[in-house]
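Worksheet: the structure to be examined is printed underneath.
Here, each number is a calculation from the coordinates, and none is a lab measurement. What you see is a predicted model; the values in this text were computed from it and never measured. Here the Cβ positions follow ideal geometry from the backbone for every residue, glycine too, while neighbour counts run over all protein chains shown.
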Amino acid sequence: MTEFLAGFPGLLALAIAAAVLFAESGLLIGVFLPGSGTVLALGWLAGQGALPVWAAALTASLATIAGCQHGFFRGAHPGALNRLLVDRVGEQRMKRIESAMDGRAKPTTAISQCFAVVRTLVPRLAARSGMPHLHFTACNTPVGALWGTGLTLLGAWSGEAYTRVHTAVGLLGLPLVALAAAVLGLLWWFRRRRDFSGNRGTDFSGNQGSDFH
């Protein structure tokens, strides 16, 4: 996806990425499209100066949020593709999935935004389970913005490690990558604090000795 988008001018690359992300989160064919890879590619292009970072992050966030909204609408107004999905999954199995969302629709909607495939399916299931549209929007919009912005910045800041970051996000998902980054950040902070405390103790001992003599 990175090489593909890099072959287009900035605005056209943004438009193509927006179309892919909308389809990935809003259409059933989206289960076969690279959502996270597209956002990381946008971020990488922004990091190379081909795009403004803010434009890449805004495009990624709005496109995926709009796609999820479309998916919710299609779930509330089933069409031929939704009926085909029900037929393939099975009516009874689909009812069990919808029942499992009762009382868990909000956290499920929020968490699903961070993972491929379920990001495509959950909005439709949320609508079929009777979740109010306002509640869905309140869960989906902030997490969608965080997902789009976070992955864009990750791609922009990855530099030469882009390939490893892309692989890690694909295997682990953004939440686990973010958790690992937070743990590493805390370890770095504790080490800096320990080193600072040790230096202060050394300076204090040295000053005491000078004053004594």
Original post:
How large is ³J(HN,Hα) for each residue in region 46-56, as worked out from phi by the Karplus curve 6.51 cos²θ - 1.76 cosθ + 1.60 (θ = phi - 60°), to whole Hz, x for Gly and Pro?
Top reply: 5, x, 8, x, 6, 9, x, 4, 5, 5, 5
Original post:
Given 0.36 nm per residue, what is the gain on full extension from Leu11 to Arg193 after removing their alpha carbon distance, in nm?
Top reply: 61.0 nm
**OP:** Give me the number: length gained by fully extending Ala55 to Phe32, i.e. 0.36 nm times residue separation minus the C-alpha to C-alpha distance, one decimal in nm.
**Re:** 5.7 nm
Subject >> Computed FRET value (nearest 0.05) for Trp157 with His77, which takes r as the C-beta separation and R₀ as 41 Å >> reply: 0.50
**OP:** For Ala138 and Ala66, calculate 0.36 nm times their separation in residues minus their Cα-Cα distance, and state this gained length in nm to one decimal.
**Re:** 24.6 nm
Subject >> Förster-model FRET efficiency, 30 Å R0, Phe115 and Phe4, C-beta, rounded to 0.05 >> reply: 0.85
